[in-house]
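What follows draws every value from the coordinates through simple rules; no lab data is involved. The shown structure was predicted, so the numbers you read here are calculated from the model rather than taken from an experiment. Cβ atoms come from the backbone with ideal geometry, glycine included; neighbour counts cover every protein chain shown.
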Amino acid sequence: MASFQHPLQCLQYAQQQSVTSAGILVASSGRSIYSYAVDNGKCLDVWPKNIQSNAEHAVDEQAPPEKKIKLSPGSDGQDEQSKGKSSSKKAPGKQSPEWTNIPILLTSFDGKHVIALTAEDKTIRVFSLSQEGQLEELSSRTMPKRPSALALTPDGQTILCGDKFGDAYSLPLFPGEYVRRVEDSRATKIAATNRTVHSQRNLHSLEQQRIHAEKTAEKAAKGEDSVDNTARDFEHQLILGHVSLLTDLISVSLPTGGSNRSYILTADRDEHIRVSRGVPQSHVIEKYCLGHTAFINKLCVPSWAPQYLISGGGDNFLLLWKWSEGQPLQKVSLEGVTQTPEVNVRGIWAVSAEQSTGAPAQAILVGLEGSSTLLSYTMEGDALKQQESIQLSGNILDVTGVDSHGAIIVSVDNVREPGSSEIWKSSPSTPQILLESFQATTKEGSLKWNPTTDDVFVTAINAAGTSPIPTDADDKQKKTLDGALYSMSVLRKRQHED
Amino acid sequence: MTTPPPKRQKREAYRRNLQNQYEAHQSPNVEVTQVKMPQKKFFRQRAHANPFSDHNLDYPLTPAHMDWSSHFPAFLDPDTSKTTLAGTRKLLKDVEVADIGCGFGGLLVGLAPILPETLMVGMEIRISVLDYVTSRIHALRMQQQKLKSGATTENTVQDSNNTEQKPLEDEVGSTTAVVPGNYENITGIRANTMKFLPNFFAQHQLSKIFVCFPDPHFKARKHKQRIISESLNAEYAYVLRPGGLMYTITDVEEYYHWVLRHFEYQSEEEKARGGVKDLWERLSDEELAADPCVQVMSNETEESKKVTRNNGNKYVAVFRRKADPEWST
């Protein structure tokens, strides 16, 4: 039986100037990044390079890292799992990748760099992307908390990273020489005194702290000081923070009175959208956009209409904002789109696809988690106008516009039944559909997306596939795979007693 | 079915009584003979609450949805056609002072007569403690009404005699004189300000924020729960108008330095890098001495009295919110 292929989790289109080719599509699937030539769909490069050999030889060479599921095929997968647990510790230098998926992918504005987040190891990796589509890892930086959103500043030189802890950091695209700032000596000083704590229990623990501090000081004097492994050895600066899980972060440049002002928009699990100034003034909060009643998952400011913001998440509506005023303009209902009672907005994409006839088709596309219907809207005045939806063969995972094709490419889940985030198809369909492509036609003011006929690019990628999912994956492994692609429901607040 | 433990039964009975007393007072036909101040012992709650968890909190969608009408009945706009976005009646003025982590409300009660025309709100995450604040303010308002209406002061005098003879720590705060504002200008709400401050207050709405004896969170790994941090200071700057004041007081010396470190640049190098500290400047000792609010903060909150009793130190720092800097391009 043919096995399922890992679906393409993220799509990014990169077109480098002064290059005549149609550009490169960069996509993440499973634990790998692929680059494809847009003119013929040929796979140009895969990262990490050794992944194939890993998959073949991993079986007796190395134990899978903790908490990871084994992705390599083979009948003895189960044995390998149990062996892994007993021999546990990872062999340094010979590790298989310490992540199972790449949930965030970003390309620089000039198309020459790719920024990826590997999930479990919380690492931001920067790659160079050559004209031939070769990926070369330039740097890897492990963040203190798991990043949930990445963005580039308008000048393209700084990565902004929002994390699950509510903090946002700025990191230079290329890490330079880093000199750690001298910071206050840690811990050894005890803040409490017998003037500030009084109960017997507190006084007792104060005494314990004092003894502990003395011991640590002794050790330090002997040079046995434990290495502070929480410190980061690269430049990163805290630029703002929410006391909530940050779900999205975008960087916007807005023309204002002759000059461009840069802003950072951040969204959190507690229904807030914050509008801050760009770095280095990100501590100045300009506005809040308040109006959601459940978590927010995605922010979208179209590059072709930067005064507008479309936001969505756990509410059964989208909100359209004039974000620089914090002013809501429109509430767009999403009721009836899915069968499930809970609506989770997975993605909001602003695309601009060239048409054979005149002006480009500018549209806002909205995908819900575990839904195979892609909603389509156009901007008319201060409002979103619904257009005919696009029906896909599987759940929508990601969307990207491919300018040179005048098309959009949608990545679909080939593994699970359309409309479900957990029910797997009984067997892989042949050929497996990983990508679908559409082109826009405008007729009498309404926008329609038609499947691209004879798209060599999409056909080639669908035929080539990605990496196989083991056919004997058990329920637990399936669940982990589901969790990597469909993780939004955990953001929803559940009522409980105080 | 198990019955709740006796302690909780007592608590609940006590609070019901208080509520009845208040409701009885609301109806004009019933003459209440004596207004009792609530006793703290029925409202105690564990000192710490986790600000990161999802409590069942009530908070408005936006500041324009906030219903203040039940909190400040004396300041209701007589024009009933004016309503908030939530459809409730509007006030004649906006709330201007917030006491973040108001505890048992000592600061509010102390400030009320000093700023009689200013609406002030205490915000507290612990539900029982907030219930106490609400009962306390209700009781104070009732006492004031009785005093104003010239009712026999017998009971009240007796009451104050009682407190003199037996200075119960738990039942304090009865007033014997009519004070400016009659405590109509203060209220308490339950809120997690670390998360939801911008839901309650619009940009630049506040003129003063108080943070009095905040939970020190001694352990280093708990420091992220502290109510003063660079990220939160940006939010305080958002709700505070330029020129507005941020008052802090603590009895923990290390926390005092923490506060200074998070509002003031510690070196020229740091200043050159810039950051949220651009928005704050510290008030001089002369300015502090001239500010009656500092006196109240230092001497009239429950915690400050406790610190005095234990011969602790008090560290005051007040910061003025500066205007937003010019846009950097």
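Some notes on this structure:
- Computed 3J(HN,Hα) for segment A:235-240, one whole-Hz value per residue from the Karplus formula 6.51 cos²θ - 1.76 cosθ + 1.60 where θ = phi - 60°, is 6, 7, 10, 5, 10, 6, glycine and proline marked x.
- Kirkwood hydrodynamic radius of segment A:310-376, from inverse mean 1/r over distinct Cα pairs, in Å: 13.2 Å
- Within 10 Å of each Cβ in B:41-53, the average number of Cβ atoms from other chains: 1
- Using alpha carbons only: equivalent-ellipsoid semi-axes of segment B:88-155, gyration tensor based, whole Å: 23, 17, 12
- Cα-derived Rg over Rh, computed across segment B:66-321 with Rh taken as Kirkwood radius: 0.99
- Counting only alpha carbon atoms, the long axis of helix B:253-263 and the longest principal axis of chain B meet at about 60°.
- Under the convention that each Lys and Arg Cβ holds +1 and each Asp and Glu Cβ holds -1, the size of the dipole of segment B:66-321 around its Cα centre is about 660 debye.
- Remark: C-alpha extents of segment A:239-288 on the principal axes read 35, 16, 15 Å, sorted largest to smallest.
- Surrounding net charge for residue A:435, when Lys and Arg each add one and Asp and Glu each subtract one, Cβ distance under 12 Å: -4
- Note, ³J(HN,Hα) from phi for segment A:122-129, Karplus 6.51, -1.76, 1.60, rounded to Hz, x at Gly and Pro: 6, 10, 8, 10, 10, 10, 9, 10
- Taking every C-alpha pair closer than 8 Å and separated by at least 6 residues, the mean separation divided by the residue count of segment B:92-142 gives a relative contact order of 42 percent.
- Near the amide H of residue B:191, within less than 5 Å, lie the amide hydrogens of B:124, B:125, all on another chain or at least 5 residues away, with H placed in the peptide plane.
- Residue order, fewest to most beta carbons within 10 Å, for B:219, A:443: A:443, B:219
- Between residue A:165 and A:246, the built amide H atoms are under 5 Å apart, and every one of these is 5 or more places off in sequence or on another chain.
- Note that segment B:31-84, at 10 °C in a medium of 1.306 mPa s, gets a Stokes-Einstein diffusion coefficient of 100 µm²/s from its Kirkwood radius over C-alpha pairs.
- Amide H contacts for residue A:5 (H built 1.01 Å from N in the peptide plane; partners 5 or more residues away or on another chain; cut-off under 5 Å): A:469.
- Note, ³J(HN,Hα) from phi for segment B:113-128, Karplus 6.51, -1.76, 1.60, rounded to Hz, x at Gly and Pro: x, 6, 10, x, 9, 9, 7, 10, 10, x, 10, 9, 8, 7, 5, 5
- Fraction of alpha-carbon pairs over 12 Å apart in segment A:418-457 - percent: 73 percent
- Checking every one of the GluC sites (Glu not before Pro) in segment A:354-437 against DSSP loop status and a limit of 16 other Cβ atoms within 10 Å picks out A:422.
- Distant alpha-carbon pairs in segment B:27-143 (separation over 24 angstrom), percent: 37 percent
- Its DSSP H runs of at least 4 residues, each contributing -39,500 (n - 2.57), put the calculated 222 nm mean residue ellipticity of the protein assembly as shown at -6500 deg cm²/dmol, to the nearest 500.
- Beta bridges from DSSP with both residues in segment B:66-321: antiparallel share about 35 percent, rounded to the nearest 5.
- Three-way shape call for segment A:337-381 based on the alpha-carbon gyration tensor, with the a/c threshold at 1.5: prolate
- P(r) histogram, all alpha-carbon pairs of the protein assembly as shown included - 10 Å bins from 0, percent: 2, 11, 19, 21, 18, 14, 9, 4, 1, 0
- Neighbour-count order for B:100, A:396, A:423, fewest beta carbons within 10 angstrom listed first: A:423, B:100, A:396
- Prolate/oblate/rounded call for segment A:417-495, Cα gyration tensor, a/c under 1.5 rounded: oblate
- The protein assembly as shown - share of DSSP beta bridges that are antiparallel (%, nearest 5): 85 percent
- For chain B, modelled as a GNM whose springs connect Cα atoms under 10 angstrom apart, the maximal fluctuation among B:179, B:294, B:318 occurs at B:179.
- Span per principal axis, largest first, for the Cα atoms of segment B:266-308 (Å): 41, 22, 14
- For segment B:32-152, averaging the sequence separation of C-alpha pairs within contact (under 8 Å, six or more residues apart) and dividing by the residue count gives a relative contact order of 28 percent.
- The charge dipole of the protein assembly as shown, taken about the Cα centre with unit charges on the Cβ atoms of Lys, Arg (+1) and Asp, Glu (-1), comes to about 2260 debye, rounded to the nearest 20.
- Among B:176, B:80, B:118: highest mean-square fluctuation, GNM of chain B, C-alpha pairs under 10 Å: B:80
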